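The structure under discussion appears below in the form of structure tokens.
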Amino acid sequence: MSRTDPPAPAATKQAARGERLLSGIPVSPGIAIGELHAASEPALDLPTARFATGSAEAELSRLDEAVGRSRKQLEKLRARLSVLPEDSQHEIAPLIDAYTQMLSGSRLLRQARRRISEQKLSAESAVHEEAEALAAAVLAQPADDAPSRQRRADEIREIGRRLLRNLAAAPFRSFVNIPQGAILVAENLRPSDAALIDPARIAGIVTEEGGTDGHTAIMLRALAVPAVLGVPGLLAAAKAGTMAILDGETGRLILSPKAPALAEARRAVTAFARERQRLARFRRLPAETTDFEPVELQGNLELLAELPLIAQSGASGIGLFRTEFLFMNRETLPDEAAQTDAYRTVIEAMDGDTVTIRVLDWGGEKDIEALTARGLVPDTLDHNPALGMRGLRMLLRQPDLFETQLAAILRASRFGPVRVLLPMVTTVGEVRAAREIYDRVAKRLRRRGEKLPEQLPDLGIMIETPGAALAADALALEADFFAIGTNDLCMYTLAVDRAATEVASLYDPLHPAVLRLIQFATEAALRMRMPVSVCGEMAANPKLTPLLLGLGIRNFSMNATAVPRVKQAVRRVMEQSDPERIQEMVAGFSGK
């Protein structure tokens, strides 16, 4: 199973001699052989009394003390980062920053204090109810980016959990007593827990909950610890001390393996090490087909923590830099200087490779408190945010917000090659209006003495709706490049929210309608000799690489971990016109 495939359904089977197989979601590749050991967190018993037994002032004081203790704990956690691998440090440090900001006057704390003062709730009840209400509101928003919503909800619940444990003086999870070479078993693993893991001691990690898109998954990949998450029934089946084999590539956990399974696993350990060495060599090899057709493979960046992973993957720059994280988990909007510093950090880290910066794509799944607080977006979301005021539509109605971000990008562009990407474009008029603002901001910066490149960074657009794809001929006359967002394009074309369980099976990027829209947009760009890329999940699936190359795509942007395998797929492809040979190649790539 590849990481881009849907997870295998949970399955168990009992062999005649006790060997048992569980399946979950593969998160971090590798094979681990060792005994299972649990590191459970002591249960937290919330007070049965929902209402405060003392004064509101006393409960507010207790909450303030818990906030203070939580901040000190996060600082201790930050101090421990120096013993972790560098990739892991880069992953957890921004998350600790986000947690710290949420302990500094966030909506969670303001509303919890209001519940204490107005409803006379206990501090525990106020924190618990407000954290759950905010997390539920984030998860309920009907938009396509389910992983982003889940991460945001997890962050809120993590701060709520930390406050509750400090209010109750309850201990946190500890890994001190886990023996060397053990496979860690847990119901769930939070990013702050993962920061306490020593990859030299723990052979693998398996949990009953969790998935591939959260902070914990990124952290475990950075630690390079084999990991499988989301294994139903795990805690009931996995007893401490049981020998097990964990396969982070397929998502399999074998309990009480017999000699043949152990022998196969040991061979797999050797094979995995060789495969890792082989893929590592691809970092230094060019991304080109067997007949020397060059292909550009770039990384998607959502968190600064992913920068080291992109650098190590062999990606030639960043094809999609999502900037929403700069605006989230804060009460005030980042000013021009703060944004400039953030963009400069990424641009300089890429050391001359192009960085494509997508301007703020606010939508229903991205709850940015600072926008609501300033009245820039409504408190009440659209009934269907995916079809409402999001992306470029919102920015054109808030030119000050738009101009500040464009100014920051332009100021940072002197430190390396940059492109600017406009999200949620549907009409030619939107692109013209955006370019007018873009040119106006550049003139203003030059008048005040800012050093900008003589030629401004290219201004491109996302093709992520059927309307944009069908209008690609006209849009190509206004834009400098296209980036095809296949995730949203598939959602809007098929009217399917892939996060909705009832219809998720209908979400099919290989639907003929989706492929025709990709082809239409690509051909429109190629006729104008204009760059065009794919930056959705299709780009990260090596099985689809020959198909996208056949459609004329020569630029792919994906999560960093997918780059080596996609590069391997690219280097196996050559131009073909023989139908029989094409069928053979497709069958070979699909594993048939």
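Measuring only protein heavy atoms, the 1.4 Å probe finds Tyr507 accessible over about 40 Å². Applied to the range 126-134, the Karplus parametrisation 6.51 cos²θ - 1.76 cosθ + 1.60 on θ = phi - 60° returns per-residue 3J(HN,Hα) values of 4, 5, 4, 5, 6, 4, 5, 5, 5 Hz, with x for Gly and Pro. Applying 0.36 nm per residue to the separation of Leu506 and Asn177 and subtracting their alpha-carbon distance, the gain on full extension is 113.8 nm. Measuring nothing but protein heavy atoms, the accessible surface of the range 419-494 at 1.4 Å probe radius is 49 percent carbon and sulfur. Distant-in-sequence amide contacts of Gly314, defined by a placed amide H-H separation under 5 Å and a gap of 5 or more residues or a different chain, comprise nothing.
Shape class of the range 394-435 from the Cα gyration tensor (axes a ≥ b ≥ c, square roots of the eigenvalues): oblate, since a/c reaches 1.5 or more and a/b does not exceed b/c. A 1.4 Å probe, protein heavy atoms only, puts the accessible area of Ile202 near 10 Å². Proximity of backbone amide H atoms, modeled 1.01 Å from N, is registered between Glu296 and Asn555, Phe556 at under 5 Å, excluding neighbours fewer than 5 places apart on the same chain. For the range 187-283, what does the alpha-carbon gyration tensor say about shape, rounded, prolate or oblate, given a ≥ b ≥ c as the root eigenvalues, a/c under 1.5 as rounded, and a/b over b/c as prolate? Oblate is the answer for the range 187-283, as a/c is 1.5 or above yet b/c matches or exceeds a/b.
Computing FRET efficiency as 1/(1 + (r/R0)^6) for Val428 and Gln73, where r is the C-beta to C-beta distance and R0 is 60 Å, gives about 0.70. Under a 5 Å amide H cut-off, with hydrogens placed 1.01 Å from N, Ala38 pairs with Val185 among residues at least 5 apart or on other chains.
As a length-normalised measure over Cα pairs under 8 Å and 6 or more apart, the relative contact order of the range 237-315 settles at 18 percent. Backbone geometry of the range 452-463 corresponds, through the Karplus equation with coefficients 6.51, -1.76 and 1.60 at θ = phi - 60°, to 3J(HN,Hα) couplings of 10, x, 4, 9, 5, x, 4, 10, x, 9, 7, 9 Hz, x marking Gly and Pro. Across the accessible surface of the range 218-262, with the other protein chains kept in place and a 1.4 Å probe, carbon and sulfur atoms take up 62 percent. Solvent-accessible surface of protein heavy atoms, probed at 1.4 angstrom with all chains present, puts Glu118, Glu209 in the order Glu118, Glu209, largest first. A straight chain from Met530 to Leu303 at 0.36 nm per residue would run longer than the Cα-Cα distance by 78.9 nm. Phi angles of the range 423-429 translate, via the Karplus equation with coefficients 6.51, -1.76, 1.60 and θ = phi - 60°, into HN-Hα couplings of x, 6, 8, 10, 9, 5, x Hz per residue; Gly and Pro are given as x. Computed over protein heavy atoms with a 1.4 angstrom probe, the accessible surface ordering of Lys451, Lys258, Lys543, Lys239, largest first, is Lys451, Lys239, Lys543, Lys258.
The values are calculated or read from the model by the stated rules, or taken from the named source; none is laboratory data. Quantities reported herein were computed from a predicted structural model and do not represent experimental measurements. Every residue, glycine among them, receives a Cβ derived from its backbone with ideal geometry; neighbour counts consider all protein chains shown. Note: areas computed on protein heavy atoms with side chains; ligands, DNA, RNA excluded. Shrake-Rupley method; radii C 1.70, N 1.55, O 1.52, S 1.80 Å.
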